[in-house]
Each structure stands twice: as C-alpha cells, then as structure tokens.
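Visitor: Please see the structure below; I have some questions.
The values are calculated or read from the model by the stated rules, or taken from the named source; none is laboratory data. Computed from a predicted structure; not experimentally measured. With ideal geometry, Cβ positions are generated from the backbone for all residues, glycine too; neighbour counts draw on all protein chains shown. Please note that ligands, DNA and RNA were not included when accessible areas were found on the heavy atoms of the full protein model with its side chains. Shrake-Rupley method; radii C 1.70, N 1.55, O 1.52, S 1.80 Å.
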Amino acid sequence: MIPWTVTLTRVRGIEIKVHATFVLILIWAAYYWGADTDAGARGIAFGVVATLLLFLCVTLHELGHAIMAQHYGIEVRDITLLPIGGVARLEVPENPKQELWIALAGPAVNVVIAALLIAVGAALQATSVVSPGNLVDSMRDAEWNGLLPYLTLANLYLVVFNAIPAFPLDGGRVLRALLAMRMDYRRATAIAVSIGHGSALLLGLLGFATANFFLIVIAIFVWFGASGEGQQVAVNSVLGGATVGQVMIRQPQVLFPTDPLSRAVGLTLSTAQSDFPVIDGNERVVGLLTMDDLLRGLQETPGSPVGTVMHRQFPTAHPDEAIVDVQARLAESRLRAIPIVAADGRLDGFLTAGDIGEAFRILSVRPQIIARGPATTNR
Ligand SMILES: [Zn+2]
C-alpha cells in the first residue's frame, strides 16, 4: 500500500483512500479564495467546499475506470486521492480494446456530470457556462452561485486535460490502445511513451511560461509516468511467462525463531543471502528476517532471538506464480525477498529482488532459455 494514506470508504470492494498531502490542496484553496481575495471567512469556506466537490468528481472519474475494469474481470485494488488528482490502481490489460474502454470510462463520467450540471444550471437560470468571463469574476469573489459553473467548468477541464496523449493520463492509454490495435504491443507502447515525454516537456514549458506551479508538477509526474509505463511493459515482455519456481533459490538458508541473532550474522557473512525465511519445526514459514531487522535487533536487543525482531507480516508466493506478479507484490511490500510456499504450506524456496534482476538480464539476452525449465531439478 502507499504509505501516508487514510481509507475514507469502500465502493464495490474498492478502497477509496486519501493521501496526507491532500491537506495541502485544501490549505491552498482556503488561501486562494480566503486570504488572497477580500472575501475572508466566506472565501475560505468557498475554497474548501469547491475543492472537496471537485475531488468528489475526480473520485467518480476514477470509479468510472475502476467499474469498467471490474466489468472485464480486472481486479481494482484501490483509488488514492492526491493533491494533483486521483489514481486507481488496477492491472492494465494487454488487451487494447479493454484498455481503450477502461481509459474512456473515466472522462465519460465527467462528461455526464458536466451535462447534468449544465442542465441544473439552465433550470435554475444560474450563471451561464457560456460566459466564462463573468464566471471567473464570480469565482474570484467566492460567490456561492459561482459554485455550479465552477464545477461544470472543472469537469470539462478534467475531460480536456485527460485528452492529452501522455501516460499516465487517459489520453496516453487511449493512444497506446489505438496504436496496439494496428501494431505490436511493445512498439505501440514505445511510441506512446515518446509522445508522452514530448507532451510532458510541452506541459512543463507551458507551466514555466505561465508561472503555473501545478502544471510543472504535473509535467514531472507525466514524464516519470510515461517512463514507468514503458519499463513495466519491457519487463513484462521479457519476464513473460517465467514462473517463480524457475528462478527461486531452492534450498535457502533458514532460521528458527529461537536462533540467536549471531547465527543470522554468521549466515549473512558466509552466504550470498542477507534476508532469511524463518520456519518452525514443521517447516512452515512463520517470519522473515531482513537485513534491517537484523541490524535493528543487534542495536537494540542484541541478546534476543530471531523471533523477537523478525517480520511477522510479509507476503508469500507460490512456485507456479508468474514472476511479474510476484515482483509487483515485492515492490509494494518494500521488501527485497519473499518466501515461496508450497501447496501444503511448507517452505519451498526463496525469491529475492536480485534473483529477479538476474532472470531479467538473462532473458533479455536469451528469451527462451529459462522458459524451457530449470537447469537442475531435484525432483
Ligand atoms: Zn482517468
């Protein structure tokens, strides 16, 4: 999970979370409409309410993606609200048609919201969206009747902004999906990543030209988002169908909870391992001792056994799982190694980030070499 987040609610099994830095955007809004205009307390209230409603629309946008993904049977882990927008964490399908519809579902929600708000505005004869000049004035005055047009414009802005063809914005996904319908997925991604980098540069320059700090932050976010997307596709296509069982350490050094820390020190220095699965008398995994646990133990409680300093909460994997899936789990847990557990619950092996790196380097050179199966099996 992303650190520094709080879960707000749960919709269709999807956790809606908010990041601690989200408070910054509320403070900024309170300042922008409060201290910076002469509206005072009313301005502060307007800024906070307008921003909360805007992020409600952002959440609905992300739910649009999430529910479309669920429709295709794709698991959605959570939606996190950040000051620069929302992020729905879901497995991006390597199916262009599905990716296209999932990408379009988010902005479609904002189109619907904008249409509803325009209809409500027309019915109430509120400030017309057709005259943005008046709107900007009424917004700066923090007039409550400016709220409706503000939200209408904000939703239209979300649609236009997401049309920029750059990962991780929806436009980037739409572009990749459209390209992937005509060419190889990797090549489509490479082109989309280049266009993403170009768009990020333009966005950043525009940010500097207009002294818009948000645009610059978003440009940086888009640049690294595009790079990350490209790398992930490269890794997935190289590691492809390789399974954990093919690259894991088959007979790792293990520790027992009652072992003294000095035994872990000895193993760390005399073997290639620096993290260890901890097992009980029945070979069941009960813990994971990382290098950090060991160092902390040596510093704080040098006389205590392994069981008191090891991780008790940690992910595990099965030998027949795809490496790319386990790698994601490992990255998320921020650990460098994961115990591999057989169907009967006993320790079967150990997989480290280093093993995955080795497999990636070997498979980059000889794509078929591991897919044929492990060189030595003791079965
Ligand atoms: Zn989106």
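Visitor: By how many degrees, 0 to 90 and rounded to 10, does the Cα axis of helix 323-333 deviate from the longest principal axis of the chain?
Guide: Between helix and principal axis, roughly 70 degrees.
Visitor: Which value, in debye to the nearest 20, describes the size of the charge dipole of region 142-262 about its Cα centre when Lys and Arg Cβ atoms bear +1, Asp and Glu Cβ atoms bear -1, and nothing else is charged?
Guide: Dipole size: approximately 440 debye.
Visitor: What are the ³J(HN,Hα) couplings of region 194-202, residue after residue, when phi is run through the Karplus curve with 6.51, -1.76, 1.60 and θ = phi - 60°? Round to Hz, x for glycine and proline.
Guide: 4, 5, x, 5, x, 5, 4, 4, 4
Visitor: Which angle between 0 and 90 degrees, to the nearest 10, do you get for helix 213-239 versus the longest principal axis of the chain when only C-alpha atoms count?
Guide: 40 degrees
Visitor: Can you show me the helix-derived [θ] at 222 nm for the chain, built from DSSP H runs with n ≥ 4 at -39,500 (n - 2.57) apiece and divided by the number of residues, rounded to the nearest 500.
Guide: -18000 deg cm²/dmol
Visitor: Taking each pair of distinct Cα atoms in the chain once, what is the resulting Kirkwood hydrodynamic radius in Å?
Guide: That comes to 24.0 Å for the chain.
Visitor: Measure nothing but the geometry: give the 0 to 90° angle between the long axis through the Cα atoms of 353-365 and the longest principal axis through the Cα atoms of the chain, rounded to 10°.
Guide: With both axes taken from Cα atoms, the answer is about 80 degrees.
Visitor: Farthest toward the dipole's positive end in the chain, which of Gly204, Met68, Ser364, given Cβ charges of +1 (Lys, Arg) and -1 (Asp, Glu) about the Cα centre?
Guide: Ser364
Visitor: Given H placed 1.01 Å from N in the peptide plane, which residues other than close sequence neighbours of Arg336 have an amide H under 5 Å from its amide H?
Guide: So Arg336 has HN proximity to no qualifying residue.
Visitor: Still on this structure, I have one more. From the phi angles alone, apply the Karplus equation (6.51, -1.76, 1.60; θ = phi - 60°) to region 83-99 and give each ³J(HN,Hα) in whole Hz, x where the residue is Gly or Pro.
Guide: Per residue, the Karplus-derived 3J(HN,Hα) values read x, 8, x, x, 10, 9, 8, 9, 6, 6, x, 7, 10, x, 5, 5, 4 Hz.
Visitor: Say the dipole of region 165-292 comes from +1 at the beta carbon of Lys and Arg and -1 at that of Asp and Glu; which of Ser262, Asn282, Tyr185 then lies farthest toward its positive end?
Guide: It is Tyr185, whose Cα lies furthest towards the positive end.
Visitor: Output ³J(HN,Hα) for region 203-209: one whole-Hz value per residue in order, computed from phi by the Karplus curve 6.51 cos²θ - 1.76 cosθ + 1.60 with θ = phi - 60°, and x for Gly and Pro.
Guide: With the stated coefficients, region 203-209 comes to 4, x, 4, 4, x, 5, 4 Hz.
Visitor: Over the chain, with every protein chain in place, what whole percent of the accessible area is carbon and sulfur at 1.4 Å, could you tell me?
Guide: Carbon and sulfur: 63 percent of the exposed surface of the chain.
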